[in-house]
Every structure is written in C-alpha cells, then in structure tokens.
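First up is the structure itself, then whatever we jot down about it.
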Amino acid sequence: MNNASKYRFVCTLTFGDIYGQIIVWLIVLFLSLATALALMGASRPIYALVCVGLILVLSLPFLLFAFVTTLINHIEFSEMDAVTAADSQSRSFSNQQMSSQTVA
C-alpha cells in the first residue's frame, strides 16, 4: 500500500476529445430518424420503428467502445518524486485531522 502513494492518477480527458464522437453519433441518430420518417409514409409503419431500433441498438456499442477507449487513453499514472509524495501525504493527513476535529 505504501507504493501506491508514490504514483499520481491524472485524467487528461477534455470535452474536445469526445466532441467528434458525439457529433458523429448525432448524425447517425438523425439519419435513422429521417429514415424512419420516410418509412412512416409507407404502407407499413412498423418498418420505421424496426429501422430506428436496429440502428440505435447497433450503434450504441460502438459509441460506448469509442468513449471507453478514449477515456483509457487519457488516464495517466505518473510517478511522484519524494518531495511531492511527502507533501501530498502531509496534506491528506492534515485533511484527515480536520475532518476528525469537525466530527467530534
């Protein structure tokens, strides 16, 4: 457990990293809705609902995969030097003392 305090967990993900993925998925969503509206005018509107459902069900796993892989690519574990590790430990110790004083 002592070795875990020598590393710092940083997530560098920003909205710009996933913005393109959201735009592409919205385009897919609107295209499926346009297809559904075109099929709704046909004699069998059940095809419209099946089309939208199929497109959404097939596109959601790809969207989830894209989000998760983007998130994993932006997680960093960086090693801290001795001074920074001691400083963060002293800060967490002082935070624990402050919280125990406020509870009591």
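For the list (1) free of Cβ contacts under 8 Å to residues at least 12 places away in the same chain; (2) touching a Leu at 6+ places or on another chain (Cβ under 9 Å); (3) among the hydroxyl-bearing types (Ser, Thr, Tyr); (4) under 19 Å from Leu13 (Cα atoms), I need the number of the one condition that Thr70 fails.
With respect to (1) free of Cβ contacts under 8 Å to residues at least 12 places away in the same chain; (2) touching a Leu at 6+ places or on another chain (Cβ under 9 Å); (3) among the hydroxyl-bearing types (Ser, Thr, Tyr); (4) under 19 Å from Leu13 (Cα atoms), Thr70 is out only on (1).
Which count do you get for residues in the range 34-75 that are at pLDDT 85 or above and not in a helix (DSSP H, G or I)?
2
Read through the list (1) at pLDDT below 85; (2) not in a helix (DSSP H, G or I), then give the number of the only condition that Ser90 fails.
So the condition that Ser90 fails would be (2).
Taking Val52 as meeting all but one of (1) without any contact (Cβ under 8 Å) to a residue 12 or more places away in the chain; (2) among the β-branched types (Val, Ile, Thr); (3) touching a helix residue (DSSP H, G or I) at 6+ places or on another chain (Cβ under 6 Å), write down the number of the exception.
Among (1) without any contact (Cβ under 8 Å) to a residue 12 or more places away in the chain; (2) among the β-branched types (Val, Ile, Thr); (3) touching a helix residue (DSSP H, G or I) at 6+ places or on another chain (Cβ under 6 Å), the lone unmet condition for Val52 is (1).
The values are calculated or read from the model by the stated rules, or taken from the named source; none is laboratory data. Quick caveat, the model's predicted, so the values are computed rather than measured. Quick reminder, even Gly has a Cβ in these numbers, built from the backbone with ideal geometry, and neighbours come from all protein chains shown.
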